Amino acid sequence: METNNLIGHLIDGQDVYGTGRSQYVYNPATGAAEKRVLLADRQTVEAAIASAQAAFPAWRNTPALKRARVMSNLKQLLEQHADEICQLITAEHGKVLSDAMGELQRGIENIEYASYAPELLKGEHSKNAGPSIDSWSEMQPLGVVAGITPFNFPAMVPLWMWPLAIACGNTFVLKPSERDPSSTLLIARLALEAGLPPGVLNVVNGDKEAVDALLLDTRVQAVSFVGSTPIAQYIYATGTAQGKRMQALGGAKNHAVVMPDADIPQAVSALMGAAYGSCGERCMAIPLLVAVGDATAEALITGLRTEIAKMRVGPGDDARSDMGPLVTRQHYDKVRAYVANGVAEGATLLVDGREIELPKGYEDGYYLGPCLFDHVTPNMRIYQEEIFGPVLGVVRVSSLQAAMDLIDAHEYGNGTCIFTRDGEAARYFSDGIQVGMVGVNVPLPVPVAYHSFGGWKRSLFGDLGAYGPDGVRFYTRRKTITQRWPSAGLREAAVFSFPSNQ
Ligand code: NAD
């Protein structure tokens with residue numbers, strides 16, 4: 001996969017390298033540029049699409065049970081290679097190893113779901129829809145489909161897409177994040193080992209040039225995208241203008257509401273993980289805590305300060321670290337600038353993670369300690385914009401309704417949660433809130449693999465969410481066949497009225 005630390009592509013079952021553009025892949029723990037990733041040009045992407053196109057007819061006609069068996073084999077291989085995969089995630093993304101293991105496990109659950117393909121694709125049948133007429137609906141694959149994925153879950157988010165698409169009979173071209181591509185590529189190679197024929201899954205590394213080649217190629221029938229909202233909107237608009245089926249999951253700014261009757265210690269420990277886990281680089285992270293009442297805010301802040309003081313920031317491969325570095329120097333600078341901006345706009349910075357002591361040898365890593373703001377208000381940029389870093393802001397409101405009005409007015413609607421002991425409040429909140437995924441005393445309500453993932457508002461462009469039942473619908477199209485086998489006794493004269501069962 002890697003030649004002299006050069007990360008190439010996987011096309012038609014072969015490692016492909018080239019001499020075109022490339023960029024560094026950094027180890028965020030040390031700041032060292034350890035590898036280079038090739039950035040595919042249009043011709044390389046077209047070769048991957050051609051391979052997928054050629055593999056489609058045979059794969060489409062491979063029994064769903066055989067396709068599903070590849071997924072079962074892959075699950076085993078991923079479990080065998082879990083350490084290697086997670087080390088690659090940590091070395092390029094920065095997250096702590098236990099968190100990398102969690103993301104891989106959630107990815108594997110999507111493979112388990114895909115391995116039910118024969119059951120998922122059974123379709124619907126109606127006997128005697130008319131006299132001696134049978135009618136049934138089939139779920140047929142689309143052909144070549146593509147996936148474009150973000151840096152923050154290099155194993156899990158691609159596994160939201162291609163296992164189900166492929167189990168449904170499609171062939172796939174994946175364009176992972178150029179910031180941490182190695183674990184994604186390793187998993188794809190293991191899928192070949194598990195029994196995927198060459199061309200069924202291709203991986204091209206790259207940036208906008210590769211993405212545009214996928215969006216504009218008429219052979220690509222559908223595209224799944226996960227990333228930031230401005231890019232999601234561009235991808236969705238460009239793909240739909242080409243007549244493709246599109247789904248584009250975007251960014252987020254998730255609020256956690258804490259009611260006065262909540263179990264505060266439980267809320268504090270849940271919010272610590274939700275705000276600072278993976279350095280805040282999760283689309284379901286909680287960067288905003290909406291405290292109902294000043295007493296609730298004070299109690300939460302006291303608890304959070306105590307827990308933050310115990311946190312250890314350090315390299316992700318050190319088991320003592322709770323939080324690793326941010327992904328790149330550029331992102332680190334951006335998140336620091338948000339912290340400065342919050343101070344300038346008048347929020348109270350209770351915990352400043354900008355000056356932290358680092359273990360020796362890691363001074364050039366992209367470490368930012370946990371930051372905690374109080375008195376964040378909706379007019380501030382740190383309230384409105386996705387920071388994607390370890391920055392938690394407390395917003396104070398006087399009622400549940402005020403909290404809900406704030407959330408509903410926000411441009412994003414990915415996830416939210418409420419901490420309370422009051423079932424009526426929880427029910428009112430979860431029923432009415434304009435957000436796609438809701439937790440009740442659960443801070444990160446990421447749906448399990450047999451449900452589907454999708455935010456509302458500017459967190460999702462398209463009608464169907466990722467994976468689960470929505471994934472099956474996205475990666476298949478319905479064909480309804482109505483059939484009659486005329487027999488002598490049933491021959492009729494021509495009928496010119498619309499057929500009905502009258
Ligand atoms: P990003 O939007 O920068 O990149 C995502 C993908 O788009 C990458 O593969 C990248 O190469 C490509 N890309 C980037 N710029 C492009 C351009 N101008 N034209 C075409 N393609 C382009 O996102 P990221 O920084 O890698 O990931 C973080 C973002 O992803 C956050 O906003 C986060 O909320 C979001 N995210 C959302 C979900 C979700 O399910 N809603 C899940 C994970 C991450």
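The values are calculated or read from the model by the stated rules, or taken from the named source; none is laboratory data. Remember, predicted model here, so these are calculated numbers, not experimental data. Cβ coordinates were reconstructed from backbone atoms using ideal geometry, including for glycine residues, and neighbour counts include every protein chain displayed.
Anything in segment 399-427 that is in contact with an Asp or Glu (Cβ under 9 Å, 6 or more places away or on another chain) and either more than 23 Å from residue 268 (Cβ to Cβ) or modelled with pLDDT under 95 (or both)? List them, or say none.
Across segment 399-427, the qualifying residue is only 412.
Being of a type in the set (Val, Ile, Thr), over 16 Å from residue 474 (Cα atoms) and at pLDDT below 95 is true for just one of 133, 187. Which residue is that?
Selected residue: 133, the only one of 133, 187 that is of a type in the set (Val, Ile, Thr), over 16 Å from residue 474 (Cα atoms) and at pLDDT below 95.
For segment 229-245, enumerate the residues that are in contact with a Gly (Cβ under 9 Å, 6 or more places away or on another chain) and without any contact (Cβ under 8 Å) to a residue 40 or more places away in the chain.
230, 231, 240
Provide a single number: the residues in segment 1-56 that are touching a residue at least 60 places away in the same chain (Cβ under 8 Å), surrounded by 15 or more Cβ atoms within 10 Å (Cβ to Cβ) and assigned to a strand (DSSP E or B).
12
Could you say which residue among 265, 230 is within 10 Å of the ligand (Cβ to nearest atom), in a helix (DSSP H, G or I) and either outside the structural domain of residue 147 (by TED's automatic domain parsing) or not hydrophobic (A, V, I, L, M, F, W, C) (or both)?
Sole residue among the options that is within 10 Å of the ligand (Cβ to nearest atom), in a helix (DSSP H, G or I) and either outside the structural domain of residue 147 (by TED's automatic domain parsing) or not hydrophobic (A, V, I, L, M, F, W, C) (or both): 230.
Residues that are surrounded by 24 or more Cβ atoms within 10 Å (Cβ to Cβ), touching a residue at least 24 places away in the same chain (Cβ under 8 Å) and touching a strand residue (DSSP E or B) at 6+ places or on another chain (Cβ under 9 Å): which strands (runs of 3 or more DSSP E) entirely in segment 70-166 hold 3 or more of them?
By residue number, 144-148.
Return the residue satisfying two criteria in turn: it lies in segment 172-200 and is out of contact with any strand residue (DSSP E or B) (no Cβ under 8 Å at 6 or more places or on another chain) and assigned to a helix (DSSP H, G or I), and of such residues it is farthest from residue 41 (Cα to Cα).
The residue in question is 193.
Those residues that are assigned to a loop (DSSP other than H, G, I, E, B) and either of a type in the set (S, T, N, Q) or away from the ligand (no atom under 15 Å from the Cβ) (or both), I need them from segment 326-340; list them, please.
Within segment 326-340, 328 is the sole residue that qualifies.
Consider residue 248 carefully, then state whether it is of a type in the set (A, V, I, L, M), touching a helix residue (DSSP H, G or I) at 6+ places or on another chain (Cβ under 8 Å) and either within 16 Å of the ligand (Cβ to nearest atom) or without any contact (Cβ under 8 Å) to a residue 12 or more places away in the chain (or both).
yes
Take the conditions modelled with pLDDT of 95 or more and closer than 16 Å to residue 185 by Cα and apply them to residue 87. Does it pass?
Yes: the conditions hold for residue 87.
Of 439, 465, which residue is closer than 24 Å to residue 408 by Cα, of a type outside the set (A, V, I, L, M) and touching a Gly at 6+ places or on another chain (Cβ under 6 Å)?
465
So, in segment 274-323, how many residues would count as being away from the ligand (no atom under 16 Å from the Cβ) and part of a loop (DSSP other than H, G, I, E, B)?
Result for segment 274-323: 12.
With respect to residue 361, is the statement that it is touching a Lys or Arg at 6+ places or on another chain (Cβ under 9 Å) and not charged (D, E, K, R) true?
no
Return the residues of segment 399-426 that are outside any strand (DSSP E or B) and either closer than 26 Å to residue 227 by Cα or in contact with a Gly (Cβ under 7 Å, 6 or more places away or on another chain) (or both); say none if nothing qualifies.
404, 406, 407, 408, 409, 410, 411, 414
Report yes if residue 376 is assigned by TED's automatic domain parsing to the domain that holds residue 392 and either farther than 25 Å from residue 86 by Cβ or assigned to a helix (DSSP H, G or I) (or both), otherwise no.
yes
So which of 226, 313, 220 is closer than 30 Å to residue 376 by Cβ, surrounded by 22 or more Cβ atoms within 10 Å (Cβ to Cβ) and in contact (Cβ under 8 Å) with a residue 60 or more places away in the chain?
Of 226, 313, 220, the one residue that is closer than 30 Å to residue 376 by Cβ, surrounded by 22 or more Cβ atoms within 10 Å (Cβ to Cβ) and in contact (Cβ under 8 Å) with a residue 60 or more places away in the chain is 226.
Residues in segment 427-475 that are part of a loop (DSSP other than H, G, I, E, B), within 28 Å of residue 118 (Cα to Cα) and away from the ligand (no atom under 12 Å from the Cβ): how many?
So the answer is 7.
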